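Below is one structure, written out as structure tokens; the observations come after it.
The values are calculated or read from the model by the stated rules, or taken from the named source; none is laboratory data. Small disclaimer: the values here were computed from a predicted structure and weren't measured. No Cβ is skipped: glycine too gets one built from the backbone with ideal geometry, and neighbour counts run over all protein chains shown.
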Ligand code: MN
């Protein structure tokens, strides 16, 4: 046993969606190592953020693994923002590591897929962009990564098309199709693996379609990707000053 001087952090993990007939009690966990995120990977979202949707090389940022929140959670509206945005995304879980992975071998490295939210403090991200500072405080804050169950590729294959969408309080806010990705999953894995050696447990958030917008306390977010699954999270209602003073 390593002689740690403080208790080690719990292992971040995503539950694996039970197969048909399997009880949740038997659910397995996918241990998460790192969370890599692709910026601007749908042309219509690149346009809404004021960027040229032409095919520039993909770029990446990261969220800490402990930003993960299981689907079904109620979470607090985060601090230091007045503009919390939703970004619904297809999530790829890497089961087999590698560097300089060839595009035509890239899908062999995928263990499974999930649906996740890249929650963004857009005001802090915007300020960071303007001042040419890092994005972490806009992207990698506590509870910024609500995540649905992981579905093994062995069960569903490798979906290259299908609706991706998000409802807030029952109203559709974001809707697109996986086929609209500027860089598809195999291209993204190949490119990212030239920058860092991918490792088992890495997950990749593959970008969001158009329609990103603000959410507030009390809002219910329900995202989905056809053929993969769902993610649902509720922001706790605001506690009024009067209520807090009781
Ligand atoms: Mn994103």
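Okay, here's what the table says:
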item	result
Selection within the stretch 214-229 - more than 20 Å from residue 76 (Cβ to Cβ) and surrounded by fewer than 17 Cβ atoms within 10 Å (Cβ to Cβ)	226, 227
Residue within the stretch 34-43 that is over 30 Å from residue 130 (Cβ atoms), within 20 Å of the chain's Cα centre (by Cα) and surrounded by 15 or more Cβ atoms within 10 Å (Cβ to Cβ) present	no
Residues satisfying the stated conditions in the stretch 63-82, i.e. touching a helix residue (DSSP H, G or I) at 6+ places or on another chain (Cβ under 8 Å) and surrounded by 15 or more Cβ atoms within 10 Å (Cβ to Cβ)	63, 81
Qualifying position, being touching a residue at least 12 places away in the same chain (Cβ under 8 Å), under 20 Å from residue 39 (Cα atoms) and not in a strand (DSSP E or B), among 106, 114	106
Residues within the stretch 76-102 that are part of a loop (DSSP other than H, G, I, E, B) and closer than 20 Å to residue 123 by Cα, tallied	10
Tally of residues being over 18 Å from residue 139 (Cβ atoms) and within 16 Å of the ligand (Cβ to nearest atom) across the stretch 211-223	1
Count - residues of the stretch 17-75 that are assigned to a strand (DSSP E or B), modelled with pLDDT of 95 or more and within 16 Å of the ligand (Cβ to nearest atom)	10
Neighbours by Cβ (under 6 Å, 6+ apart or cross-chain): first from the stretch 35-50, without any contact (Cβ under 8 Å) to a residue 40 or more places away in the chain; second within 13 Å of the ligand (Cβ to nearest atom) and in a strand (DSSP E or B)	none
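So that you can scan it fast, the table gives a plain yes or no per residue for (1) under 23 Å from residue 36 (Cα atoms); (2) away from the ligand (no atom under 16 Å from the Cβ); (3) touching a strand residue (DSSP E or B) at 6+ places or on another chain (Cβ under 7 Å):
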site	(1), (2), (3)
158	yes, yes, yes
163	yes, yes, yes
174	yes, no, yes
186	yes, yes, no
198	yes, yes, yes
209	yes, no, yes
225	yes, no, yes
231	yes, no, yes
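Every residue, every condition in (1) in contact (Cβ under 8 Å) with a residue 40 or more places away in the chain; (2) surrounded by fewer than 21 Cβ atoms within 10 Å (Cβ to Cβ); (3) within 15 Å of the ligand (Cβ to nearest atom), yes or no:
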site: 84; (1), (2), (3): yes, no, yes
site: 94; (1), (2), (3): yes, no, no
site: 147; (1), (2), (3): yes, no, yes
site: 155; (1), (2), (3): yes, yes, no
